[in-house]
Each structure stands twice: as structure tokens, then as C-alpha cells.
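Have a look at the structure below, then the notes.
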Amino acid sequence: MRFEYFRQLLNFYAKDKSVDSPVLESQTRKGQQTRRTILDAAVLRFARSGYRSTSVADIARDAGVGGTIAFAYFKNKEALFLAAVDQDVAAHIQEGLAFVTDSQSSRKQPEADWQQRLFFTLVATAEQHPLSRRLLAGLEPEATDRVLEIPALKELRAACAHRLRAEQASGTVRADVDPLVMANGIVAIMLALLMSVVQLGSTATTGYATEVAAVFAAALRPTSPRD
């Protein structure tokens, strides 16, 4: 009888959207927090041990929840892994995105160097995003396609294209290039450089940053009458 009472009560609240239910709101917040805790633990565990050597029970233990609680939020281990990848890679990309879209930074920094500064921002913050770093190291090849299609990466491409359009309007970037195509190329080069840094070490690759910036400048800067 008691179970039937609670079932009817929950159905009532679900049907009547106007009813304010502090209890249900509290449960929702608690559920969201539990999901975040599990996801944060998954990022660290997958980064440390890899997909194959990690179990959902390991992650639940790290998160301090019961062994089956994770399955209330994630269908299986693969779903949890992909959610962890999305979270950590997106957070890493946001570090660079914040720089590209920062209007104050845009005014202070010369147009020619924002691509180089974007690269160094992503390199400098890689250690703070261990699962993203693991993927850049090529240790989870099955997830590569997922990373390339992550919404945050699309947002970074769009932000780069927006900035290039603004620079075209100000006359600092060639008017005859497609901003979206160039933005896609810039992001692709950034990813390749990041993978090189992670896999070969910063001393082996960051020394070429000036040369890469020169290539960007040569491709983007307006041609003078003499050229």
C-alpha cells in the first residue's frame, strides 16, 4: 500500500507541471551531482589505466558510490568512456576557445600571432586534461573519430572562422580566402602539433612554432602591390 501511495504521488507531480516540488528538485540536483562525480572519476581512471584496463566498478569505487549506481546514468562502460572523453576533451578545447573569443585579447594582441598563442595555450593546459592528453598520445585509437566530431571542436573551428572574417573586414587578412576553410586548416594543424608535442615532447616540436606562425602569416596576410 505504501509503495502504491508513493507511485501515485510521483505520477501526480509528473502530470502537474505547476506543482512546486522541493523534494523532486532536491533529488534532481543530487542526481546531477552524482553523475558529475562519476564522470570526474571516470576521466581520471580512464586517463590513468586506459579503457581496456578499467571497469565500471573501479570508477564507482573511485567516485565513492555503489557498484551499480553508475548504470543508472550510463548504459555501459563504453557510454561512460565516451561521456568522459566528451567532457575532458571539451574542457581542454575550451581553454583555447576562450582565448580566440576574448574580445579584449583580440584588441591587445596582433592578428598575426593569435594562432601561435592559441597553440601555446592548448599545449600549456594539456596536463590539466589527462584523458584528452591520453587521446592525443594515440593510446585510445578507437576514440579518434569521436574527438574529431566533438561539438567543442566544431565550436573552435567556428570561432576561428569568425575571427578571420573580422580580420578580413579590418584589412589584416586576405579577402580572397574562405575563412571557414582556413579555420578548418588551422585547427587541423593545431591538433597535429598537439599530438606531436604529447608524443615527442615539447622540446622536439615547440621550436617550430615561429616557422608555423610564418606559414600562417604567409597564407593569410594581404598581398602588397609589389607582391
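The values are calculated or read from the model by the stated rules, or taken from the named source; none is laboratory data. Source: prediction; values computed, not measured. Neighbour counts are summed over all protein chains in view; Cβ atoms, including those assigned to glycine, are modelled from backbone coordinates with ideal geometry.
Can you find a residue in segment 46-67 that is assigned by TED's automatic domain parsing to the domain that holds Ala158, touching a residue at least 60 places away in the same chain (Cβ under 8 Å) and assigned to a helix (DSSP H, G or I)?
Checked against the condition, which is being assigned by TED's automatic domain parsing to the domain that holds Ala158, touching a residue at least 60 places away in the same chain (Cβ under 8 Å) and assigned to a helix (DSSP H, G or I), segment 46-67 yields no hits at all.
Restricted to segment 169-184, and to residues that are without any contact (Cβ under 8 Å) to a residue 24 or more places away in the chain and surrounded by 14 or more Cβ atoms within 10 Å (Cβ to Cβ), which residue is farthest from the chain's Cα centre (by Cα)?
Ranking the qualifying residues of segment 169-184, first place goes to Pro179.
Yes or no: Arg165 farther than 27 Å from Ser196 by Cβ and surrounded by 11 or more Cβ atoms within 10 Å (Cβ to Cβ)?
It is true that Arg165 is farther than 27 Å from Ser196 by Cβ and surrounded by 11 or more Cβ atoms within 10 Å (Cβ to Cβ).
Among residues belonging to segment 131-150 that are in contact (Cβ under 8 Å) with a residue 60 or more places away in the chain, under 12 Å from the mean Cα position of the chain (by Cα) and not in a loop (DSSP other than H, G, I, E, B), point out the one that is surrounded by the fewest Cβ atoms within 10 Å (Cβ to Cβ). Reasoning before the result, please.
Of all residues in segment 131-150, those in contact (Cβ under 8 Å) with a residue 60 or more places away in the chain come to 131, 133-134, 136-140, 142-143, 146-147, 150.
Subset that is under 12 Å from the mean Cα position of the chain (by Cα): 131, 133, 146-147, 150.
Still in the running and not in a loop (DSSP other than H, G, I, E, B): 131, 133, 146-147.
Values: Leu131: 26, Arg133: 20, Arg146: 15, Val147: 19.
Here the answer is Arg146.
Can Ala166 be described as small (Gly, Ala, Ser) and over 27 Å from the mean Cα position of the chain (by Cα)?
no
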